[in-house]
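Structure, as structure tokens:
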Amino acid sequence: YDDRDGFIWMDGKLVEWRGANVHILTHALHYASAVFEGERCYSGKIFKGTEHSERLIHSGKLLDMDIPFTVAEIDAAKAQVLKANGLTDAYVRAIAYRGAGEEMGVASLANPVRLAIACWTWGAYYGDAKFKGAKLDISKWKRPSPETIPSEAKAAGLYMICTMSKHAAMAKGCSDAMMFDYRGYVAEATGANIFFVKDGEVHTPKADCFLNGITRQTVIGMLKDMQVKVHERHILPEELESFEQCWLTGTAAEVTPVGEIGPYNFEVGELTRRVATEYEKLVRA
Ligand code: PMP
């Protein structure tokens, strides 16, 4: 992704895509002192763009990082980089990180907080899963306790277990992995939240040790408007067998039906299709 035309916004100005580099002694590269956002722009408007800017600042605070830009400045920077690249339908990636500084060690307070924003076109996250349902592996890695790491942050360090889970899933021909949490409850996929349907009602893991996705919250709101009952609760592995439908939510994933999780099968049912369609309408409204 480094050798191409385009522009990336870095610390207040647009730089050539090929020149958007950081020094090898960037603190974040060694110690994962970085938080980021994934957003989608639809027909020239970022869906919930301001909420994403707010979450970025909040994630930074959880990692002792004060991002030196306001929500309004971050929103403006995203608009600027989209325009510079001539994109109206794109994925937007903002990343705040501790750069190279006066010192190099575990403590990062002497390392300046940097902010960069890139954007590029990105189609369906799970390819044709939208129609037939994605195939998910069950990961051996568990989502950590909020006493181990600030799990509500969208922090780079939390993605190591996601990357390893996804590699193992891909090796088995799956498109993603479902992870349990440190207590053994169903948690989420490696880059998306998860929902289940049973007897016309929706069940989704309580977001108490993983990212409470903006798409997740949007979909819960949509379901409530549709008068569908939503249970946010702890879900045990043995319950997986009893669910009829399943879908994933995320900015990149949007609403993606799930057909299989390990040995369990789900139908791409009416409610799943309806939620996916309504979400598509909403993001372009
Ligand atoms: N969980 C993880 C681990 C993610 O990476 C994402 C994508 N940001 C989500 C959930 C969904 O979050 P959102 O709906 O805000 O994109």
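A short reminder: the numbers here are calculations on the coordinates, not readings from a lab. Because the structure is predicted, anything quoted here is derived from the model rather than measured. Cβ atoms come from the backbone with ideal geometry, glycine included; neighbour counts cover every protein chain shown.
For Ala153, neighbours were defined as the other residues whose beta-carbon sits under 12 Å from its Cβ, and their charges (Lys and Arg +1, Asp and Glu -1) total 0. Roughly what percent of Cα-Cα pairs across the stretch 83-215 reach past 24 Å? So the portion of pairs separated by more than 24 Å is 45 percent. Estimated purely from DSSP H runs of n ≥ 4, each contributing -39500 (n - 2.57), the mean residue ellipticity at 222 nm for the chain is -8000 deg cm²/dmol once divided by its residues. Subtracting the Cα-Cα distance of Val15 and Thr121 from their residue separation scaled by 0.36 nm leaves 36.3 nm.
Remark: the stretch 141-285 carries a charge dipole of roughly 380 debye about the Cα centre, counting +1 on each Lys and Arg Cβ and -1 on each Asp and Glu Cβ. Around the Cα centre of the chain, unit charges on the Cβ atoms of Lys, Arg, Asp and Glu (plus for the first two, minus for the last two) sum to a dipole of about 300 debye. Here each label is just a point 7 Å from Cα along the line to Cβ, and for Thr50 and Glu260 those points are 4.5 nm apart.
Determine, from the Cβ-Cβ distance of Leu282 and Glu241 and an R0 of 25 Å, the FRET efficiency 1/(1 + (r/R0)^6), rounded to the nearest 0.05. Using R0 = 25 Å, I get an efficiency of 0.20.
With a simple spin-label model that places each label point 7 Å from the Cα along the Cα-to-Cβ direction, the separation between Arg183 and Ala72 comes to 4.2 nm.
The spacing between the stretch 36-109 and the stretch 169-232, judged by their C-alpha centroids, is 25 Å. Counting only Cα atoms, the size of the chain along its three principal axes is 57, 40, 34 Å, in decreasing order.
When the chain is treated as a Gaussian network with alpha carbon springs shorter than 10 Å, the biggest mean-square fluctuation among Glu241, Glu147, Glu260 belongs to Glu147.
Full extension of the chain between Glu201 and Glu147 yields a length gain of 16.3 nm, computed as 0.36 nm times the residue separation minus the alpha carbon distance.
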